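In what follows, a structure is listed as structure tokens, so that the remarks can point back to it.
The values are calculated or read from the model by the stated rules, or taken from the named source; none is laboratory data. If you're wondering where the values come from, they're calculated on a predicted model, not measured in any experiment. Because the Cβ atoms are built from the backbone with ideal geometry, glycine has one as well, and the counts that use them run over all protein chains shown.
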Amino acid sequence: MKSVGVSKSVELINYELHTDGYSVLYPNDHFFSEYVSIKKRYSKELKVDLSKPYKVSIFREKDFKSPKNQDLLAYNNFCLKLIKILSYDLVQFSAIYTTYDNEESKHIAQKPHFDRIPTLKFMLYLNDLKFENGAFCLSPGSHHWTKEKFQIKRKNFHDKNFFNDTRNIPNPIIDRLTPIEGKLGTIIIFNTDCIHHQGIVKSGEACIVRSHYSRKDFNKNFKIKNYIKKFF
Ligand SMILES: [Fe+2]
């Protein structure tokens, strides 16, 4: 399975994404080894800018031209290859975010929500993450609720009511929020219609690299009908 970048069955990844809205690739489940290089760079360089709560660094396509970002480019290529194998059409790279959370972190991503722009995200853990130090949390299967409730047409990203809708989540979904614990090198693939939140750090730190993929025509005629067929 080395040619597809994963040792976990592609059929299983697809089934989990469809049923639960996410799939976890533990370090033994994939062949993306450059996370070691990203981790090294994170400790020295990438974290420096992020150490004041709360900040993210954003890397776009143009940033991959820099020789020092070749490890992030490799991560993007790994994700794109997997997206193709998983048969998600019409999806394009949006950006890579590096995040750093500690006990002082306070930001909107810590509240349970679904993203206003439906996105497929690949979260790479750059340190061992447990509930205590900010493992990412999501509610398995909750993307079905989002899809059903907001199926016809997603409102504008800047619509205040829509923003509130994305955070007005029923209690049964909140009650099922689960921390996804994993070692350095764990990759979580998830559909952002799945209710989720950034882990809350009680002690220690959480270093995560996230790569985002959304529909090419999202800002034009975004209709959920196409989205179900071609995206998730
Ligand atoms: Fe989010």
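Points worth noting:
- Screening Tyr88 on (1) within 16 Å of the ligand (Cβ to nearest atom); (2) surrounded by fewer than 19 Cβ atoms within 10 Å (Cβ to Cβ); (3) in a loop (DSSP other than H, G, I, E, B) shows it passes everything except condition (1).
- Screening the candidates Thr186, Thr178, Thr192 for the property of being at pLDDT below 95, under 17 Å from Tyr22 (Cβ atoms) and of a type in the set (Val, Ile, Thr) yields one hit, Thr192.
- Among the residues of the stretch 66-82, those that are within 20 Å of Lys40 (Cα to Cα) and assigned to a helix (DSSP H, G or I) comprise Pro67, Lys68, Asn69, Gln70, Asp71, Leu72, Leu73, Ala74, Tyr75, Asn76, Asn77, Phe78.
- Picking from residues in the stretch 1-53 that are of a type in the set (Asp, Glu) and not in a loop (DSSP other than H, G, I, E, B), the one that is modelled with the lowest pLDDT is Asp49.
- Exactly one residue out of Leu72, Leu82 is out of contact with any Pro (no Cβ under 8 Å at 6 or more places or on another chain), buried (at least 19 other Cβ atoms within 10 Å of the Cβ) and either more than 27 Å from Thr166 (Cβ to Cβ) or modelled with pLDDT under 90 (or both): that is Leu72.
- Within the stretch 91-135, restricting attention to residues that are of a type in the set (A, V, I, L, M, F, W, C), within 16 Å of the ligand (Cβ to nearest atom) and surrounded by fewer than 19 Cβ atoms within 10 Å (Cβ to Cβ), the residue that is farthest from Leu46 (Cα to Cα) is Ile117.
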